[in-house]
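Before any comments, here is the structure.
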Amino acid sequence: MQHKLFRFHVHIYPWMYPWLELFALVLALFVFVFPASADMRFQERSLYIRNNEPGVTTDYTVSFRYMSPQAVGSVDMLFCNDPIPYHPCVPPAGLDVSGAVLNDQLGETGFAISVRSPNHLVLSRLSAPITDAMSSYTFTNIRNPTATEPAFSIRLRSHTTTDASGPQVDFGSVRGQIQSGVILQTQVPPMLIFCLAEEVEYNCGETNDNYYTDMGDLSPQDTLLAQSQMAVGTNASGGFAITANGGPPAAGASVINGLTSPTESRPGTNQFGINLVQNASPAVGKNPEGEWANAVANADYSQPNRYKYVSGDVIAYSPNVSLMKKFTVSYILNSSPSLRPGIYTTSINYVASGRF
C-alpha cells in the first residue's frame with residue numbers, strides 16, 4: 001500500500017509544479033500591480049465659506065491632501081446636493097460658480113480655472129508629480145445656494161490629463177450647508193449719574209443725606225461760609241451741563257443780590273456768590289476731583305477767591321463723555337451795616353443734563 005501511494009505522488013508532481021508557479025505569479029501581480037493603478041481618496045478634506053448667508057456672493061476655500069504619487073494635471077470640482085460620485089448630480093438651488101475667480105492657492109500650485117459653469121469648475125495645469133500634498137484653493141465671487149436645506153457637496157476628482165478627462169487619480173467630496181446667521185445686537189443705554197448733598201462719595205455710592213446748612217448770623221465784619229458737593233458722570237456724546245437755579249437769599253422784600261460777575265469777597269457789602277474751586281480768601285472749598293480732565297467748572301465759577309451767582313448759569317460741564325467728576329461748591333454771604341434785619345434764606349437747585 002505504501003509503495004502505490006508513493007508511485008502516485010511521483011507521477012502527479014511533475015505536471016503539477018508548473019501550475020503552482022503560474023498561480024504564484026498571478027498572486028504576485030495582483031499584490032504588486034493592482035494597488036499602483038488604484039485611485040485613492042483625498043484626505044483631510046474641508047470647505048470654508050466666508051459668508052454663510054443664503055444667496056450672497058462670497059469666498060470659498062477648498063482644502064484636501066493629495067494621496068496618490070501620480071502626476072496631476074487637473075482637478076474637477078462638481079457642485080451637487082449628493083456627495084456620492086456615481087449618483088446623478090442635482091445642482092444646489094441658487095448656487096452659481098460661473099463667475100468664480102481662483103484668488104489664492106497653496107501647496108500644489110500652478111492651476112488656473114479652465115472650465116466654468118453654474119455648478120462646475122475645472123482647475124488645470126501642466127501635468128506634474130505631487131510634491132506638496134496638503135493644498136488649498138480659494139475662490140472669490142461664488143454665489144451661495146439660496147436654500148438652507150439640504151446640505152450640498154463638492155465632488156472632487158484629480159486627473160493626470162489637463163482637462164479632467166480619462167481615469168481619475170484621487171477622489172472625494174466635501175460637504176457644506178448654508179444657514180442664516182445668528183444676529184447678536186446690544187447697546188449701551190444712555191447714562192447720567194448725578195448726586196448732590198453736603199458731602200457725597202466720588203462715585204455717588206453714598207451721601208450724607210444733608211441738604212440744609214445754617215450759615216449763622218449775618219455781620220458786617222464777617223463772611224458767612226458754606227459748602228456742598230455733587231458728583232456727575234455720563235456717556236452722552238455731547239457731555240453734560242449743570243445749572244444752578246434759585247433766587248439769592250432774601251427776607252421778605254429785602255434781598256442780598258447775587259454777584260453778576262466774578263468778584264472778590266468784601267465783608268460789609270451785600271454779596272452772595274459761589275464758585276467750584278479751592279479758595280484762600282476766605283479759606284473754603286476744594287478743586288474738582290477726578291481723572292476726567294474734560295469735565296470742568298465754568299470759567300466764571302473756577303477763579304479762586306472770586307465768586308458769582310446768576311440763576312440759570314451753567315456752573316460745570318463737559319463737551320463729551322465724562323465718567324464721574326466730583327465738584328465742591330463754596331458759598332459766601334456778606335452783609336452791609338444797613339441791611340434790614342430778618343431771616344435770609346434761599347434754596348439753590350442744581351440740574352444736571354446729558355447731551356445725548
With the requirement that a residue be loosely packed, with under 15 Cβ neighbours inside 10 Å, among the polar types (S, T, N, Q) and under 21 Å from ILE274 (Cα atoms), what does the stretch 228-253 give you?
ASN245
So, in the stretch 63-112, of the ones that are over 34 Å from the mean Cα position of the chain (by Cα) and among the aromatic types (Phe, Trp, Tyr), which residue ends up farthest from SER173 (Cα to Cα)?
PHE111
Where the second residue is charged (D, E, K, R) and in a loop (DSSP other than H, G, I, E, B) and the first is in the same structural domain as ASP217 (by TED's automatic domain parsing) and lies in the stretch 265-277, which pairs have Cβ atoms under 9 Å and are six or more apart or on separate chains?
SER265/ARG306; PRO267/ASP222; GLY273/ARG306; ASN275/ARG306; LEU276/LYS286; VAL277/LYS286
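Taking ALA297 as the residue in question, decide whether it is surrounded by 18 or more Cβ atoms within 10 Å (Cβ to Cβ), over 25 Å from ASP214 (Cα atoms) and out of contact with any Gly (no Cβ under 8 Å at 6 or more places or on another chain).
Here the answer is yes, as ALA297 does meet what is asked.
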Given the condition under 21 Å from ASN279 (Cβ atoms), crowded, with 16+ Cβ neighbours inside 10 Å and in contact (Cβ under 8 Å) with a residue 24 or more places away in the chain, answer yes or no: does some residue in the stretch 205-223 qualify?
yes
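Table: residues versus (1) surrounded by 14 or more Cβ atoms within 10 Å (Cβ to Cβ); (2) charged (D, E, K, R).
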{"position": "THR61", "(1), (2)": "yes, no"}
{"position": "PRO69", "(1), (2)": "no, no"}
{"position": "MET77", "(1), (2)": "yes, no"}
{"position": "VAL101", "(1), (2)": "no, no"}
{"position": "GLU108", "(1), (2)": "yes, yes"}
So, in the stretch 311-327, exactly how many residues are touching a Ser or Thr at 6+ places or on another chain (Cβ under 8 Å) and buried (at least 21 other Cβ atoms within 10 Å of the Cβ)?
4
Please determine whether any residue of the stretch 259-266 is assigned to a strand (DSSP E or B) and surrounded by 14 or more Cβ atoms within 10 Å (Cβ to Cβ).
yes
In the stretch 300-327, how many residues are more than 24 Å from ASP217 (Cβ to Cβ) and assigned to a strand (DSSP E or B)?
12
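The values are calculated or read from the model by the stated rules, or taken from the named source; none is laboratory data. Being a predicted model, the structure only gives us computed values, none of them experimental. Quick reminder, even Gly has a Cβ in these numbers, built from the backbone with ideal geometry, and neighbours come from all protein chains shown.
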